[in-house]
1. Could you give the length gained on full extension between Y69 and D116, defined as 0.36 nm per residue of separation minus the Cα-Cα distance, in nm?
2. Can you work out ³J(HN,Hα) from phi for every residue in the stretch 73-84, in order, using Karplus 6.51 cos²θ - 1.76 cosθ + 1.60 and θ = phi - 60°, giving whole Hz and x for Gly and Pro?
3. Any of K29/K93; K2/K93; K29/K97; K2/K97; K16/K93 with alpha carbons more than 27 Å apart? Name them for me.
4. Based only on the alpha carbon positions, what is the Kirkwood hydrodynamic radius of the stretch 73-129, in angstrom?
5. Using a 1.4 Å probe, how large is the accessible area of S25, given in Å² and rounded to the nearest 10?
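The values are calculated or read from the model by the stated rules, or taken from the named source; none is laboratory data. Since the model is a prediction, treat every value here as computed from it, not as a measurement. Note: areas computed on protein heavy atoms with side chains; ligands, DNA, RNA excluded. Shrake-Rupley method; radii C 1.70, N 1.55, O 1.52, S 1.80 Å.
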Amino acid sequence: MKKISEIGDPLELLNKVIDWEMFRSTLNKAVVRKENTRKGGRPSYDVVMMFKILVLTRMYNLSDDQAEYQINDRRSFMRFLGLDICDTVPDAKTIWKFRNDLTRADVIVELFYLFDRVLKKEGFITHTGTIIDATFVDVPRQRNSREENQKIKKGEIP
């Protein structure tokens, strides 16, 4: 992580520039939480951390599935979110539900407007990027007979 910081982690800089707690009250009002009358079960994820995931999806143009994968895969994403290796990462459905809750509450545009305004005030402009989803696919193999190969070598079409 020290090396990543030395190289220049933009997410680390983002954490220094933005007071993420300014979003908490709006997020808490907007997010639908189940009333848990019984003890037990996994506690809800922190709303500020979930908003930071939405920031990642926007900055890196990630789908919810890719966000889940990249958070699990990238230490810089985990550090940005305040997660440790042993922590549970929200799955794609949880990310989708959180975004949906903010959209239904009609606050997502307001939150990102405030986010952009703070960045501009600090002298930063965000550019969206893309993390390539590299998928390997086997190429279909064509098996030619010896006779067909001879025709191909002669320039003929088998």
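1. Separation in residues times 0.36 nm, less the Cα-Cα distance, equals 14.4 nm.
2. 8, 10, 5, 5, 5, 4, 4, 4, 7, x, 9, 9
3. Result: K2/K93; K2/K97; K16/K93 exceed 27 Å.
4. Its Kirkwood hydrodynamic radius stands at 13.7 Å.
5. 70 Å²
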